[in-house]
Amino acid sequence: MKVLKKIPLALLGIGVGFALLLGRFLYTTKYKISDIDSARSIDGNYQVSFQAIGEPDWPFGASHARLVLKDKNGIISQSKIKVANDGGMLQPDNWHVIWQGNCVQIIISGEEQEDEIDTLYFDGTVTSERIGKKNSVQEIQKLWDITPIHTDKFHFSTQTAENKKGETVFTAFINDFISSFNRIYQQMYAEDYLPPISSWTRLLEQSPCFEYDSVHYRFSADEQTWSMPTISIYTSKNEDGIYEIKLTFDEHGDQEPLYTQFEKMCFCSLKTILPEQSNADIRDLYEKLYIQTEENFWGDYPSDDGTERPAINKIYQYDTVGLYGYYGAGTANLCVIPLTQKAIARFKQEGVEMVEIK
């Protein structure tokens, strides 16, 4: 009899245990909130979070997530989303944040879906739109035209001179360029891009255009990725002036994410150097320089002393700032150089077209 009395209790215990396991399974797979990534606005007043809800649908189904916008008073809005990511767990790479004056725009991408742009306004309004994978880069470019970019008016055009050796230089300091660049990048992507110059690779090489013996500082966001876009700054050996700034993209293979990063790097660099140009004008100049790389090839133009430098068919001139593009060793290179009257006369004598930027 005692055994018979214990059977219902045992069954009850098994049932309770099974219910607990089932509840835990359902919670983990359907309801558990997991933080993926977050970003804060430039002024620090807003934060947006990317959170997973449960686990991807089995098998190889959509992932469930939400976007949460907060200010200092708490949650402003939430937006639930599905991401067709081939059953994979969501990662920070699945979102891209762009802060605007009155909202935050988030591009959501997945392995098996068109890209989606979700806009969370600071007044609590939420909108969502599919923009397509092929249009993602263009959509980001379009945002350049409407995003108010504020600079500290750090003017390269007022800092061109000849040093004691008679070399044409920008008298600006590298750290000024880095801080101005990061200020612009922060406004667009809520993070710094360039580290202190002490973290850059340091080489002794000739500057590309004027062929001065220089210190070449080179930065890549990931040294393990050989085709990662790079930025180079060539300075005098005593580092009292900048000879040239070069932005490089390796065109080997199909690398749309790297090309997108190159566009960001170029936009912020050009905006730093030409702060009074509109965002639309900066993008137009970038496109002209990139097209020019198809016209100029490294090594095709002999300099006066018999060495080689990039071919230059034209230089875009804004006051004392010159810009040109060339192609070499599978890379597209956009370059910025200082211009003095002596340098301009030399280029004109060599048949280089000077195109004024207004």
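Since every read-out is calculated from the coordinates, none of them should be taken as a lab result. Remember, it's a predicted structure, so these values are computed and weren't measured experimentally. Note: ideal-geometry Cβ built from the backbone for every residue, glycine included; neighbour counts use all protein chains shown.
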(request) Enumerate the amide H contacts of ALA172 below 5 Å, restricted to partners 5 or more residues apart or on another chain; note that Pro and chain-start residues carry no placed amide H. (result) ILE242
(request) Name the aspartates and glutamates eligible as straight-distance cross-link partners of LYS70: C-alpha to C-alpha under 15 Å, and not fewer than 8 places from it in the same chain. (result) ASP35, ASP37, ASP43, ASP123
(request) Quick one: what are the phi-derived ³J(HN,Hα) couplings along the stretch 333-344, Karplus 6.51/-1.76/1.60 with θ = phi - 60°, whole Hz, x for glycine and proline? (result) 10, 10, 10, 10, 10, x, 10, 10, 4, 5, 5, 5
(request) Just rank GLU353, GLU167, fewest to most, by other beta-carbon atoms within 10 angstrom. (result) GLU353, GLU167
(request) Would you please give the residues with an amide H less than 5 Å from that of GLN100, counting only those at least 5 places away or on a separate chain, with H modeled from the backbone geometry? (result) GLN105
(message) Whole angstrom only: what separates the Cα centroid of the stretch 266-288 from the Cα centroid of the stretch 228-255?
(response) 17
(request) Compute the Rg/Rh shape ratio of the stretch 33-136: radius of gyration over Kirkwood radius, all on alpha-carbon atoms. (result) 0.96
(message) Show me, for the stretch 234-246, the HN-Hα J-couplings you get by feeding each phi into the Karplus relation (A = 6.51, B = -1.76, C = 1.60, θ = phi - 60°), rounded to Hz, glycine and proline as x.
(response) 9, 10, 5, 5, 8, 6, 9, x, 9, 7, 6, 10, 10
(request) Pairs to check: LYS246/LYS348; LYS288/LYS314; LYS264/LYS288; LYS271/LYS348. Give those whose C-alpha atoms are more than 18 Å from each other in this structure. (result) LYS246/LYS348; LYS271/LYS348
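Cut-off is 10 Å between beta-carbons; in what order do PHE170, PHE210 appear when sorted fewest neighbours first?
Working: PHE170 27, PHE210 19.
Ordered by Cβ neighbours within 10 Å, fewest first: PHE210, PHE170.
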(message) Quick one: 3J(HN,Hα) in Hz for the stretch 315-330, Karplus 6.51/-1.76/1.60 with θ = phi - 60°, rounded, Gly and Pro as x.
(response) 10, 7, 10, 10, 6, 9, 10, x, 9, 8, x, 8, 10, x, 6, x
(request) Would you pull out the residues with amide H under 5 Å of ARG309's amide H, same chain only if 5 or more places away, H placed 1.01 Å from N? (result) GLY299, TYR301, SER303
(request) Going by C-beta contacts inside 10 Å, put SER232, SER34 in order with the fewest on the left. (result) SER34, SER232
(message) So the label point goes 7 Å from the Cα of THR125 along Cα→C-beta, right? Which residues of the stretch 93-107 then have their backbone N under 18 Å from it?
(response) 99-106
(request) Obtain the radius of gyration and the Kirkwood radius of the stretch 160-356 from its C-alpha atoms and give Rg over Rh. (result) 0.93
